[in-house]
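The values are calculated or read from the model by the stated rules, or taken from the named source; none is laboratory data. None of the values given here were measured: they were computed from a predicted structure. Note that each Cβ is placed from the backbone with ideal geometry, even for glycine, and that neighbours are counted across all protein chains shown.
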Amino acid sequence: MLCRKGKRTMKTQRLNVIREVLTGTPVTSQDELRRKLRRRGIHVTQATLSRDMHELQLFKGPHGYSLANGNGTKTSAAEEDDQPPTLAEMLDSFGLRVKQAMNQVVLGTLKGGAQPVAAALDREDWPEVAGTIAGDDTVLVICTDARQAGEVAARLRTILQG
């Protein structure tokens, strides 16, 4: 039991330091964030950092990573109501092209845009989407069948062109 509590405390401290780093300086890559954490005495693997970034709902914009509310501190009730960016906002910022391949849809994005777009699509919870896989500039959307992939591709194109 003591071990779990210690891990939770370390994780909380790590998440707080990540918030602190992101509020103080721009961070353009996951590796850069990992190095900044190491300079502060926090040694973390890429996998752990990835999970932390997901938990903090970080998204990558043109100037690097940031928290969903923009700066990581919540100072008002309005800011507490902030929601992560919508799929339409993410596609407007990062989306480039959509192509169907059988029961899959390939969504091209700007470099660094795939993960926030995939996260936004996952939050939509579309029943036709079985899951997403994000690289750096490509999101693979896996659908339940080819017909539904066509519907998802059409919906994404509409949003992208909107």
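Restricting attention to region 133-150, report how many residues are assigned to a strand (DSSP E or B) and under 12 Å from the mean Cα position of the chain (by Cα).
3
Condition (residue is at pLDDT 95 or above, surrounded by fewer than 19 Cβ atoms within 10 Å (Cβ to Cβ), in contact with a strand residue (DSSP E or B) (Cβ under 7 Å, 6 or more places away or on another chain) and small (Gly, Ala, Ser)) applied to region 102-113: is it met by at least one residue?
Yes - at least one qualifying residue is present in region 102-113.
Tell me which residues, restricted to region 21-66, are exposed (fewer than 14 other Cβ atoms within 10 Å of the Cβ) and of a type in the set (D, E, K, R).
Once the filter is applied, which keeps residues that are exposed (fewer than 14 other Cβ atoms within 10 Å of the Cβ) and of a type in the set (D, E, K, R), region 21-66 yields Asp31, Arg35, Arg38, Arg39, Arg40, Arg51, Glu55.
This table checks each residue for (1) assigned by TED's automatic domain parsing to the domain that holds Thr132; (2) modelled with pLDDT under 85; (3) not in a loop (DSSP other than H, G, I, E, B).
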position: Glu32; (1), (2), (3): no, no, yes
position: Gln57; (1), (2), (3): no, no, no
position: Gly70; (1), (2), (3): no, yes, no
position: Thr73; (1), (2), (3): no, yes, no
position: Asp92; (1), (2), (3): yes, no, yes
position: Arg97; (1), (2), (3): yes, no, yes
position: Pro116; (1), (2), (3): yes, no, yes
